[in-house]
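The values are calculated or read from the model by the stated rules, or taken from the named source; none is laboratory data. As the structure is a computational prediction, the values presented were derived from the model and not from experiment. Positions of Cβ are backbone-derived with ideal geometry, glycine not excepted, and every protein chain shown enters the neighbour counts. Quick note on the areas: whole protein, heavy atoms, side chains included, nothing else; ligands and nucleic acids left out. Shrake-Rupley method; radii C 1.70, N 1.55, O 1.52, S 1.80 Å.
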Amino acid sequence: MTKIIGLTGGIGSGKTTVASYFNEMGVPVYIADDGARNVMKSDDVIKKIKEVFGDALFENDILNRAKLAEIVFNDADKLAQLNGIVHPAVKEDFELWLKQHNSNPYVIYEAAILFESGRYKDCDLIITVTAPEEIRIERVLKRDNTTKEQVLSRMKMQWKDEDRISRSNFIINNVNLKIAKEEVVKILKILDIKQNQS
């Protein structure tokens, strides 16, 4: 039975970088954000988004994700409505992906809102990636065309690190990339030992 290892962390923590280290070491990785992007192109999801948010967010039937983000990251109810449409579709997408990787002892499911969405319940173990808030803000400002205020409003919508940490099996403090990579190697060794014992 393939074990699902949840990988999470707040915006700018560098969890996608950590996920890429697992991938480099041969562990299949499912990135929930990419899954969401894909399912949001499907006719069924587009129809549901239009029903809730109207046609104004679409140009030639293509969703303006920046406009949508602006709405949902400033309105918890709208975010909950969007998640109610997208999360079930992502879950379905992941289950199809998992079937293609079921010969692996474990896979990584990477999601920023692993706990908030309730998906942590489907995971056998959980890894949280952390970094100081200032570093996280700096990373997002470099990566995205955004403002500090927008980053902070996204952070407010996510769980705090201490809440994630209290529910996680492993913690990776991702300030120094070399050390973070070493932590990934250590975790894989522990997972291999557990796998051999089961």
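A few remarks follow.
- Considering segment 64-75, the residues that are closer than 26 Å to Gly6 by Cα and open to solvent by less than 60 Å² (accessible area, probe 1.4 Å) include one that is modelled with the lowest pLDDT, namely Phe73.
- Any hit, segment 114-130, residues being open to solvent by 90 Å² or more (accessible area, probe 1.4 Å) and over 13 Å from Leu7 (Cα atoms): no
- Restricted to segment 109-143, and to residues there that are hydroxyl-bearing (Ser, Thr, Tyr) and outside any loop (DSSP other than H, G, I, E, B), the residue that is farthest from Asp163 (Cα to Cα) is Tyr109.
- Of all residue pairs spaced 6 or more apart or on separate chains, those with beta-carbon atoms under 6 Å, a first member in segment 34-54 that is touching a residue at least 12 places away in the same chain (Cβ under 8 Å) and a second member that is open to solvent by 70 Å² or more (accessible area, probe 1.4 Å) and in a helix (DSSP H, G or I) are Val52/Gln81.
- Close pairs from segment 1-25: first under 10 Å from Val184 (Cα atoms), partner basic (Lys, Arg), Cβ under 6 Å, at least 6 apart: Tyr21/Lys181
Every residue, every condition in (1) touching a strand residue (DSSP E or B) at 6+ places or on another chain (Cβ under 9 Å); (2) open to solvent by 20 Å² or more (accessible area, probe 1.4 Å), yes or no:
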| position | (1), (2) |
| --- | --- |
| Ala111 | yes, no |
| Ser153 | no, yes |
| Trp159 | yes, yes |
| Ser168 | yes, yes |
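- Complete set of residues in segment 5-39 that are open to solvent by less than 20 Å² (accessible area, probe 1.4 Å), closer than 27 Å to Lys99 by Cβ and aliphatic (A, V, I, L, M): Ile5, Leu7, Val18, Ala19, Val27, Ala32, Ala36, Val39
- Number of positions in segment 83-108 that are in a helix (DSSP H, G or I) and open to solvent by less than 60 Å² (accessible area, probe 1.4 Å): 11
- Any chance Val184 is touching a helix residue (DSSP H, G or I) at 6+ places or on another chain (Cβ under 7 Å), buried (at least 19 other Cβ atoms within 10 Å of the Cβ), closer than 24 Å to Ala66 by Cβ and among the hydrophobic types (A, V, I, L, M, F, W, C): no
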